[in-house]
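Read the figures in this text as sums done on the coordinates, not as results from a lab. Remember, it's a predicted structure, so these values are computed and weren't measured experimentally. For neighbour counting, all protein chains shown are included, and Cβ atoms are generated from backbone atoms with ideal geometry for every residue, glycine included.
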Amino acid sequence: MEIRLSTKEDLTAIDEFDIFLGNRMTEIERGELWVALEEGKIIGFMSFNDQFYAHPFVHFLNVRKEYRRRGAGAALMMKFEELCKDKERIFTSTESYNLPMLLLLDKLDYKCCGVVDKIQKESEIIFCKDLNSED
Ligand SMILES: CC(C)(COP(=O)(O)OP(=O)(O)OC[C@H]1O[C@@H](n2cnc3c(N)ncnc32)[C@H](O)[C@@H]1OP(=O)(O)O)[C@@H](O)C(=O)NCCC(=O)NCCS
């Protein structure tokens, strides 16, 4: 599996399985979107930036349905971790009912660090992972 920074030419392929609102052009233009490829086909994407109280935060993670449970989601999160290896702590979030993501985060040793209500019907759970924290 290859993981690389996304370019504008990827947008059509990403749109085929993007489940999030809008499209990912803004993240691509900002250099914040990474894609996973298998035999040249885009099978997943992940975006992050440093704008969560100045900490790295994954906003979008998505894998094509037919390619799930083959390690792409974990590989994209490991790429995030690698790119942030000098940071103190990294963050992401997911809905309280999203079992696949909750299990993925547990496997990668993320810890729950808060819950936000009132964004949507279900609670949003915030997760973090200490990389170089002395706390
Ligand atoms: C969450 C998501 C990104 C996981 O991607 P994936 O490529 O299927 O995940 P992986 O194959 O890397 O799974 C890694 C581990 O996560 C856990 N896991 C992932 N999906 C799971 C599922 N459906 N059931 C149980 N465990 C699951 C397992 O521990 C798995 O390890 P294992 O296969 O060795 O048991 C994918 O389900 C997805 O795109 N969902 C829709 C979008 C979404 O919810 N994004 C996250 C919130 S922004």
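If you filter segment 19-56 for GluC sites (Glu not before Pro), then keep DSSP loop positions with at most 12 other Cβ within 10 Å, what is left?
Numbers: sites: Glu27, Glu29, Glu32, Glu38, Glu39; in loops: Glu32, Glu39.
The qualifying sites are Glu39.
Rounded to the nearest 20, the Cβ-based charge dipole of segment 2-130 about its Cα centre (Lys and Arg +1, Asp and Glu -1) stands at 260 debye.
Phi angles across segment 51-56 convert, under the Karplus curve 6.51 cos²θ - 1.76 cosθ + 1.60 with θ = phi - 60°, into 3J(HN,Hα) values of 9, 9, 6, 6, 10, x Hz, Gly and Pro given as x.
Fully extending the segment from Glu95 to Ala74 would add 5.8 nm, taking 0.36 nm per residue of separation and subtracting the current Cα-Cα distance. Per-residue Karplus couplings for segment 68-80, computed as 6.51 cos²θ - 1.76 cosθ + 1.60 with θ equal to phi - 60°, are listed in order as 6, 6, 10, x, 5, x, 5, 5, 5, 5, 5, 5, 3 Hz, Gly and Pro entered as x. With a Förster radius of 35 Å applied to the beta-carbon distance between Glu122 and Leu83, the computed FRET efficiency rounds to 0.75. Karplus-based coupling profile of segment 100-108, in residue order and whole Hz: x, 6, 4, 6, 4, 5, 5, 4, 8, with θ = phi - 60° in 6.51 cos²θ - 1.76 cosθ + 1.60 and x standing for Gly or Pro.
The Cβ shell under 15 Å around Leu5 holds other residues with a net charge of -2, Lys and Arg each +1, Asp and Glu each -1. Close amide H partners of Arg89, meaning residues 5 or more places away or on another chain with modelled amide H under 5 Å apart, are Leu131, Asn132.
Where does the charge balance sit around His59 when Lys and Arg score +1, Asp and Glu -1, over other residues with C-beta under 14 Å from its C-beta? That works out to -4.
List the pairs from Lys41/Lys107; Lys41/Lys129; Lys79/Lys129; Lys8/Lys41; Lys65/Lys129 whose alpha-carbon separation is above 24 Å, in the order I gave them.
Working: Lys41/Lys107 26 Å; Lys41/Lys129 30 Å; Lys79/Lys129 14 Å; Lys8/Lys41 15 Å; Lys65/Lys129 26 Å.
Checking Cα-Cα distances, Lys41/Lys107; Lys41/Lys129; Lys65/Lys129 exceed 24 Å.
Segment 11-27 and segment 41-119 have their alpha-carbon centroids 17 Å apart. Panel order for Cys112, Cys84, by other beta carbons found within 10 Å of each beta carbon, from fewest to most: Cys112, Cys84. Scanning residues 5 or more positions from Cys113 or on other chains, those with amide H under 5 Å from its amide H are Ile126, Phe127, Cys128, with H placed 1.01 Å from N in the peptide plane.
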